[in-house]
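The values are calculated or read from the model by the stated rules, or taken from the named source; none is laboratory data. Not measured: the values here are computed from a predicted model. Cβ: placed from backbone, ideal geometry, glycine included. Neighbour counts: every protein chain shown. Protein only, heavy atoms only, side chains kept; ligands, DNA and RNA dropped before computing areas. Shrake-Rupley method; radii C 1.70, N 1.55, O 1.52, S 1.80 Å.
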Amino acid sequence: YFTQSFARSQWLVKKKDPGAWLCAQRRMAAGLAKIGRAYRNAAAEEMPDFLFLVDDDTYVNMDRFEKEILLFNNNTEGEVIDDETDRSAKVYVGCLVFAPPAKLIQFSFPFGGWGTFFSRGAIERLIMPLHCSTKKDSANRSPFEEGACRRLNSVDDYHLQESPFFNEGMSISDLMAAFAGVTTSPYCMHSDWGIGYFINFYNISGVRWEGPGHWYPQVAQTRIHPLGRQASYIYRNPGGECRLTGENCNTGSLVCHYVNTTQMKGLWRDRQVSKQ
């Protein structure tokens, strides 16, 4: 579905090097696995409050992020609360994309350049070693671990055929890297799609989002939240932060993408003046 809807050949040929672009999509999963191993080996106090996954042409207003997300994360708009909700594990994106027709496909993923932001609880889920052996009493697993193991062991939920790449003790980030690193067959998945899939279907984000206009009140796999305005998504047309690029980004913007070097320097100078 996705290769037919997004990475179509007539679009890929416009890339300077389509093959290199496709191969580059593997690096995102490998990078998450690498940093996940570093976090697991570090002391608990060294775990960051948030992990930012952004491009080098992304602008993030850290003052606003600290005030609105890090320190005063009281925005529950759009959240669906149930018995398994864990607000400490939440994943935000600067711009969310819905696959059309949205109410039928029921899948969202980040537009990577606007950033994906993992809270500490979400990081812990992403890097947690999973023990899914049937010999282990499931009562000893955490609810998150039990859900992940249930998906890995389920024939009905065999979406991307990732289960054969799982080995006992792997984390989700390890699994992502193993899945993306396959050499026996072509790997054709944009990194944004892969990240969206694992966040949503493996409950890396512990809070469901009901979507714009209450689209998904009962859909278990819609778990990615807009970083800023609830309208920060692309469905046919961009809204909210999805409209902010280097051309219209200003120092008060929360997040912008496609900001070139000159524009980034200008934003930095404007920030210094505003602070004075």
Accessible surface of the chain, 1.4 Å probe, proportion on carbon and sulfur as whole % = 51 percent
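At 24 angstrom or more along the helix axis (alpha-carbon based) and mean Kyte-Doolittle of -0.5 or higher, what helices does the chain contain? Whole DSSP H runs only.
Working: long enough: 18-41 (36 Å, -0.28).
Qualifying helices, which must be both long enough and hydrophobic enough, are 18-41.
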note = Residues whose built amide H sits under 5 Å from the amide H of Ser171, excluding neighbours closer than 5 in sequence, are Leu130
note = Checked the range 142-259 against the a/c 1.5 cut and the a/b vs b/c comparison, axes a ≥ b ≥ c from its Cα gyration tensor; verdict prolate
ask   = How large is the accessible surface per residue of the range 1-123, computed with a 1.4 Å probe and reported in Å² as a whole number?
value = 55 Å²
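Between Ala43 and His214, what is the FRET efficiency for a Förster distance of 51 Å, r being their Cβ-Cβ separation, to the nearest 0.05?
On the way: r = 43 Å, r/R0 = 0.84.
Efficiency, rounded to the nearest 0.05: 0.75.
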Relative contact order computed over the range 196-276 (Cα-Cα under 8 Å; 6+ residues apart), in percent = 16 percent
key: Relative contact order %, the chain, counting alpha carbon pairs below 8 Å whose residues are six or more apart   = 27 percent
query = Which value does Rg/Rh take for the chain over its C-alpha atoms, Rh per Kirkwood?
reply = 0.96
remark   = Low-density loop GluC sites (Glu not before Pro), the range 49-108, at most 14 other Cβ within 10 Å, DSSP non-H/G/I/E/B, are Glu77, Glu84
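Given the pairs Lys15/Lys265; Lys14/Lys34; Lys14/Lys67; Lys14/Lys103, which span a C-alpha to C-alpha distance of over 29 angstrom in this model? Please report the intermediate quantities before stating the final value.
On the way: Lys15/Lys265 27 Å; Lys14/Lys34 31 Å; Lys14/Lys67 41 Å; Lys14/Lys103 31 Å.
Pairs exceeding 29 Å: Lys14/Lys34; Lys14/Lys67; Lys14/Lys103.
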request  = Keeping every protein chain in place, order Val259, Val60, Val54 by accessible area at 1.4 Å, biggest value first, i.e. largest first.
outcome  = Val54, Val60, Val259
query = To the nearest Å, what is the center-to-center distance of the range 243-266 and the range 24-57, using C-alpha atoms only?
reply = 25 Å
inquiry  = Run the helix sum for the chain: -39,500 (n - 2.57) per DSSP H stretch of 4+ residues, divided by residue count, reported at 222 nm to the nearest 500 deg cm²/dmol.
reply    = -10000 deg cm²/dmol
ask   = What range in the chain is the longest one free of trypsin sites (Lys or Arg not before Pro) that are in a loop by DSSP and have at most 16 other Cβ atoms within 10 angstrom?
value = 137-228
task = Considering only DSSP beta bridges where both residues belong to the chain, give the percentage that are antiparallel (nearest 5).
result = 75 percent
